[in-house]
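Remarks on the structure that follows.
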Amino acid sequence: MAAVISLSNAKVYQQGQLVLKNVFLTLAEGEFAYLVGKTGSGKSSLLKVLYAEVAMTEGEGKVADFNLRTLSRKQIPFLRRKIGIVFQDFQLLMDRTVIQNMYFVLGATGWKDKEKIHNRSLSVLQLVGVEQKANNFPHTLSGGEQQRVSIARALLNKPQLILADEPTGNLDIETSEEIMELLLALAKEENTAILMASHDKSIIQKFQRRIITIADGELKESE
């Protein structure tokens, strides 16, 4: 399996402070892994490096065949088309319907053909089971439905990698388990690599997968 993430001896600085050091991380296509650690340990900083919000200035790093060390500002949008991001707080556009949220992302990432935009939007909504909510506004949806829409949005450009930042953090346990089953199915069926930051011990215990722990500024593999 090809590596979608490959970091070697990377260091991460934010606001001049060393946040992460000696970072070695590989994630293959179709692989699911948890990223865990205390609040402030550097989970979000690592995710920001992977989607080029924070520059990686030391070490070697590749994401979806883009070299993080030599990445130019012009290349960043092209990298991000290979990455889907799922947030804890959904970050949907509340003044647009569900399907208009999809249209907006596709338009912003270079899609021009209205029929293709519509068909792709419906396709991802069907994939996550909320196609019947296409014409609803996000505020009329439950938290679980909004997170499914958020996942659909992340899938629009057929990403090689999904970065999920506490995607079950605002959901009850039953809904969290539904979202986990959806993410694991996507990893398997779409061959998408997924790195999920989480504090949710019950979810991690129930859906056992590879665990990467951040502690003392370094990444460690957990059993």
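So with the 1.4 Å probe, I'd like the accessible area per residue for the chain, rounded to whole Å².
On a per-residue basis, the chain sits at 51 Å².
Mean projection of the alpha-carbon convex hull of the stretch 112-223 over all orientations, in nm²?
Over every viewing direction, the Cα hull of the stretch 112-223 projects on average to 8.6 nm².
Considering only Tyr103, Tyr51, Tyr13, the mean-square fluctuation computed in a Gaussian network model of the chain, springs between alpha carbons under 10 angstrom, is largest for Tyr13.
Largest GNM mean-square fluctuation across Leu71, Leu18, Leu127, computed for the chain with C-alpha springs under 10 Å, falls on Leu18. From helices alone, the chain scores -10000 deg cm²/dmol at 222 nm; the rule is -39500 (n - 2.57) for each run of n ≥ 4 DSSP H residues, then divide by the residue total. Between Thr109 and Gln205, the contour length at 0.36 nm per residue exceeds the Cα-Cα span by 30.9 nm.
Measuring nothing but protein heavy atoms, the accessible surface of the chain at 1.4 Å probe radius is 47 percent carbon and sulfur.
In this structure, the pairs whose alpha-carbon distance is over 18 Å, taken from Lys48/Lys82; Lys11/Lys158; Lys74/Lys112; Lys11/Lys220; Lys133/Lys188, are Lys11/Lys158; Lys74/Lys112; Lys133/Lys188. Computed from Cα atoms, the angle from the helix 143-155 axis to the main principal axis of the chain rounds to 70 degrees.
The values are calculated or read from the model by the stated rules, or taken from the named source; none is laboratory data. On a predicted model such as this, the values are computed, not experimentally measured, just so you know. What goes into the accessible areas is simple: the full protein's heavy atoms, side chains included, and nothing from ligands, DNA or RNA. Shrake-Rupley method; radii C 1.70, N 1.55, O 1.52, S 1.80 Å.
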